[in-house]
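Reviewing the structure listed below.
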Amino acid sequence: MSTSDHPTHIPDHLPLLPLKGTVVFPSQVQGLGVGRKKSLRALEAALEGDRLIVLAAQRDDDIEDPKPRDIREVGTVCRILQVGKQPDGVLQVIVEGLVRAGLSSFAKEDPHFEVLVDLRPDQVEKTVEIEALMRGVLSQFERFARFARSVPPDQLIAAGQVEEPGRLADLVAQHISLKLEERQELLEADPKTRLERLSAILTREINVLELERKIQSRVRKQMEKSQREYFLKEQMKAIQQELGETDERQAEVAEYRKKIEAANLPEHVKNKALEELARLEKMPPMVAEAVVVRTYLDWILAVPWSVRTEDRLGIDEARKILDEDHYGLEKAKDRVIEYLAVRKLSPESRGPILCFVGPPGVGKTSVGKSIARALGRKFVRVSLGGVRDEAEIRGHRRTYVGALPGRIVQGMKTAGSRNPVFMLDEIDKLGMDFRGDPSAALLEALDPEQNHAFSDHYLELALDLSEVMFITTANILETIPPALRDRMEVIRFPGYIEEEKVKIAEQFLIPKQLKANGLKTEQVTFTTEALRLIAREYTREAGVRNLEREIGSICRKVATAVARGVSTGDRITRANLHRYLGPPKFRFGSAEKEDEIGVSTGLVYTEMGGDIIAVEATLMRGEGKLVLTGQLGDVMKESAQAAMSYVRSRARRFGVDEEFYQKTDVHIHVPAGAVPKDGPSAGITMATALASAVTGRPVRRDVAMTGEITLRGRVLPIGGLKEKVLAAHRAGLRTVILPGENEKDLQEIPANVRKQIRLALVSHMDEVLSEALVPRREQEVTPPAPLAAQAPPFVPPIPPVPIQPERRPTEPPVS
Ligand code: ADP
C-alpha cells in the first residue's frame, strides 16, 4: 500500500536500478522482475544497507547495458519491501515509491550504479485553483473508474481522502495505462502541472473509453440481432422437427390427395378439392386458415357424391316389411305401397314428396324407417323444428368463422349414400324471419325439378339430391308453408283407439322394451286389462309414445328386481299396476268427477291430436263485465262474446232476469294445459258453461262437445272431427255433441268407436243445452236460488289476460 511516508533519513548516495518500460511513482507499490547482473548487484547493495534504492527509467528499453546517459535524470527513491527468487534466477521484488529524486551525478558505474540524489519532495501551496484542479481530477477519476472497471474500489476511496495535490496526481496516475513518455513527464512535473496534465489525460481516456463502450454496445446489438435471428430460426426448426411439422404437412397433403383420388368424386368436386389442397400445401404451418381448408376438405370427402345403395323394390316384400313392423295403419300403408309402385314403374317421373301428418307417437318415423328397410336404403332423420334461417338449410358461407354446411348436407353425410330415405321432421314448425325464408331453400332441396343440383353455401358445389327419397312429417297440416304443402302428398296418421294401442303394445312395444331391458319373454307379462288401464289412466295421447314409456318403466323396475335377485319376473295386472306406476294420472269416463254447475267439457284439436278441456263459467255480483282468463287467443275471446250474447238473448227462456248481466260479472276460465285454446270450436262449450251457471242446471259430466256458435245460437261446423271424437273416446265419455254439418266426416270414425259413443248432431244451441244440461226435475229437491237472490260465490282474484293476438306460427289452430 502506498500510505507510508518517507523515511526520516535518505542518504545522498544510493544504488540505482534502471527500469525498462516503466516508471514508479511515489506512493506506488510495484512488483518488478530483476534479472540483469548490474541490477542484481544494486539490489544486493541496497539490501545490505537500509533497503533504499533509486529507480529511474531507461531512455530506450532495448539497451541491455545502459550507460548513465541512457538513464533519465529523474527517478524515484523506493524502499524494497520484499524479495523473492524465481527458479530461473530472476528476483521478484516488490518496491514502494517514496519520493522523487533527480540524479545529480553518477558516483559509481561498477559493479552497480550508485548515484548522488537530489530529493524533490512536492512543495506546493494549496491555492483555490489547485483545489479546483484536485476536485476536477477526482471526479474525472471516478468517471474513469466507472468506465474502466480496473480501479479497485478502495483506491477510489483513498483518492478521495488524499490532501496533497501531488500525491493525488501520483495515485491517480498509477491506475491509468499510459505511455512511458507520459509517465515520465508526470514524474518530472511539479504538482500543479501534474494535475493539469492528468486532467487532460483523463478527459482523453474517458472519451476513448466512452467511444469504446459505444462501439462495443453497437457491435453487441448487431451481434445480438443476428444472433437472435439465428437462434430463433434454429429454435423454430427444432420445434417443427420436434412436431414433425414439415414432414407432417407433406404427409397430410399426400394423405388428402390419396383420399381424393380414391373417393371417386365427380369431376367438378375433385377439381375443387385439388384446388383447395394446393392452397393448403402452400400455407405456412400453424396458420388458422389451414384449419378452415382442412375442415372443408373433410366435408367434401364426407359427402356421399357417388356412393349409392342398390334398391330392392319388391312391392310385395315392401308390404310385408311394413306389416311386420306395424300394427294397423292400413290406409297409410296402402298409400305408401302405391307410392313405391309408381316409383318402380316409372323411376323418372318422380312423384310428389310424401308428407306424414299426425300427432306424436303414431308411427310416422317408424313407417319411414320401414320404407328404408324395405328398399334397402339408408335412413336419416333431420328435424326442422325451430329452423328460421335459410343458412340452417343451406349452410353458411365459408367466410364465416366456424361455418358449416346446412342440415341437408349434414343429413347426407350421416346417411353416407346419395339415395337414402331422408326424413325431414316437423316441417310444420319451420319459422321464417329476416334471415331468409328457409322454406324456399327447402323447396329447392325437395323439388325434383331443381334438386339435381342443390347448392349449399358452404360446399359451393352442386349436390345431386334427385335420388334421395324425401319424406316430411308434421303434426298438423295447417302451418306448413303453402308452397311446400302444394308439392306434397299428405298421408294422415290419425291416432289410435284403445284396442289398437293394446294390440300395438302386445305385438311391438312390449317385445321391444323386454329386449331393451335384457328380459326374457316370460319374465314380464301384461294382462290385456293392465295394458288398457295403462292407456286409459296413465296416458292420454293419440299415439303410443307414453304408453311405450310406461311399459319401459315397468320393464326397468322388473329388470332391477331380477338383477338384484329378489324376483324372477312379474305378471302385470290391474291389481299390481299401481305398484309400478303409482296412482293413475288421468280420470277415465269424464272430465269431471260429477255433474257440475258452470263446468262443461270441450274437445280441441291440437298438434298432440285431439284432447278434452274443461271450461268454467262463474257469476259474481258486479257491473256486467265479461272476464276471460286462461290462455285465450282472440278467436276464443270472440267466441266467448258470442256465447254471452246468445245466453243474454235467451235469458227469459232460462227463467232469469233479462237484465241480469248488468248486475253481474261473468268470468270464463279455460284451465291452462298443454292445449292451445284459440279457435272458435270451443264456442258451444263456453255457451254451455255459461248457461249452466246462469240457470243453475249442472252439466252432464259424460258429455263432451265441439262446435262454433253464432250470436243467435246457430252451431257451425268444425275441423279435426275424427281426432276430437277419438279423444272423447279415449277419455271414456259417452256422448259427443257435434255440429250437424259435420255429418259427412263421421265415416272417418272407426266403427267400434261409433258403437261405444253416442254422436249427437245438432244445429242450434238450444239442442246443445237439452243434451248437455241435467233437466230441472232430475235435480236435487232444493234447486239453486234464482240468480238475483244468489249470493256471489267466492272467486279468487285471477288477473284478466290482456287481449292481444297471440297466435304463433308454431301454434296450430284449434277447430
Ligand atoms: P312419430 O314419428 O309419429 O312421432 P314414432 O314412429 O316415433 O312416432 O312412434 C313411437 C313408437 O311407437 C315407436 O316405437 C313405434 O315403433 C311405435 N309405434 C307407433 N305406431 C305403431 C304401430 N302401428 N305398430 C307398431 N309400433 C308402432
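So if each residue of separation counts as 0.36 nm, and I subtract the Cα-Cα distance between R218 and D110, what length gain in nm does that give?
Taking R218 through D110 to full extension adds about 33.1 nm, to one decimal.
The alpha-carbon atoms of the range 357-489 define a convex hull whose volume equals 105 cubic angstrom per residue. Amide H contacts of L461 (H built 1.01 Å from N, in plane; Pro and chain starts excluded): D456 sit under 5 Å, all sequence-distant by 5 or more or on other chains. Applying Stokes-Einstein at 25 °C and 0.890 mPa s to the Kirkwood radius of the range 21-165, computed over alpha-carbon pairs, gives a translational diffusion coefficient of 142 µm² s⁻¹.
Which cross-chain or sequence-distant (5 or more) residues have an amide H under 5 Å from the amide H of G328, H modelled 1.01 Å from N in plane? Close amide H contacts, sequence-distant or interchain: none at all. Under 5 Å between amide hydrogens, built in the peptide plane, is the criterion, and for L19 it picks out A56, A57, Q58 among residues at least 5 positions away or on other chains. Candidates I71, L277, I10 compared by Cα position along the dipole of the chain: farthest toward the positive end lies L277, with charges placed on Cβ. Between the residues T365, A238, F144, the greatest Cα displacement towards the positive end of the dipole of the chain, with unit charges on the Cβ of Lys, Arg, Asp and Glu, is found for T365.
Note on R712 and L761: with the Förster distance fixed at 22 Å, the Cβ-Cβ geometry gives a FRET efficiency of about 0.70. Computing Rg and the Kirkwood Rh from the Cα coordinates of the range 147-271 gives a ratio, Rg/Rh, of 1.62.
Computed over the range 497-579, the quotient of the alpha carbon radius of gyration and 2.2 N^0.38 Å is 1.01. Gyration tensor over the Cα atoms of the range 1-88: the corresponding equivalent ellipsoid has semi-axes (square roots of 5 times the eigenvalues, largest first) of 20, 16, 13 Å. Split the accessible area of the chain by element, probe 1.4 Å, and carbon with sulfur accounts for 51%.
Of the residues I613, T473, V93, the one whose Cα sits farthest toward the positive end of the charge dipole of the chain, with +1 on the Cβ of Lys and Arg and -1 on the Cβ of Asp and Glu, is I613.
To make sure I understand the rule: partners must be lysines, Cα under 25 Å from the Cα of K663, and not fewer than 8 residues away in the same chain. Which ones qualify? Excluding near neighbours in sequence, the set is K625, K637.
Computed from phi, the 3J(HN,Hα) profile of the range 208-222 under the Karplus parametrisation 6.51, -1.76, 1.60 (θ = phi - 60°) reads 4, 4, 4, 4, 4, 4, 4, 4, 4, 5, 5, 4, 5, 4, 4 Hz, with x in place of Gly and Pro. Charging the Cβ of each Asp and Glu at -1 and of each Lys and Arg at +1, and nothing else, the dipole of the chain about its Cα centre rounds to 3440 debye.
For the range 642-763, the mean projected area of the C-alpha convex hull, equal to one quarter of the hull surface, is 7.9 nm².
Summing +1 for each Lys or Arg and -1 for each Asp or Glu among the other residues whose beta-carbon sits under 13 angstrom from that of C355 gives -1. Rounded to two decimals, the Cα-based Rg/Rh of the chain, with Kirkwood Rh, is 1.50. Under conditions of 37 °C and 0.692 mPa s, the range 88-142 yields 214 µm² s⁻¹ as its translational diffusion coefficient, taking Rh as the Kirkwood radius over Cα pairs in the Stokes-Einstein equation. Restricting the GluC sites (Glu not before Pro) of the range 212-321 to loop positions (DSSP other than H, G, I, E, B) with no more than 15 neighbouring Cβ atoms within 10 Å leaves E310.
Between E261 and R652, 0.36 nm times their residue separation minus their Cα-Cα distance comes to what?
Additional length available on full extension: 131.8 nm.
Each Lys or Arg adds one and each Asp or Glu takes one away; over the other residues whose Cβ falls under 10 Å from the Cβ of T539, this sums to +3. Modelled spin-label separation between E281 and K625, with each label point placed 7 Å from Cα along the Cα-to-Cβ direction: 8.0 nm. Can you give the accessible area per residue of the chain, in Å², using a 1.4 Å probe? Dividing the accessible area of the chain by its residue count gives 49 Å².
The values are calculated or read from the model by the stated rules, or taken from the named source; none is laboratory data. Predicted, not measured: the structure shown is a model, and the values here were computed from it. Please note: Cβ atoms are built from the backbone with ideal geometry, for glycine as well, and neighbour counts cover all protein chains shown. With ligands, DNA and RNA removed, areas are computed over all heavy atoms of the protein, side chains included. Shrake-Rupley method; radii C 1.70, N 1.55, O 1.52, S 1.80 Å.
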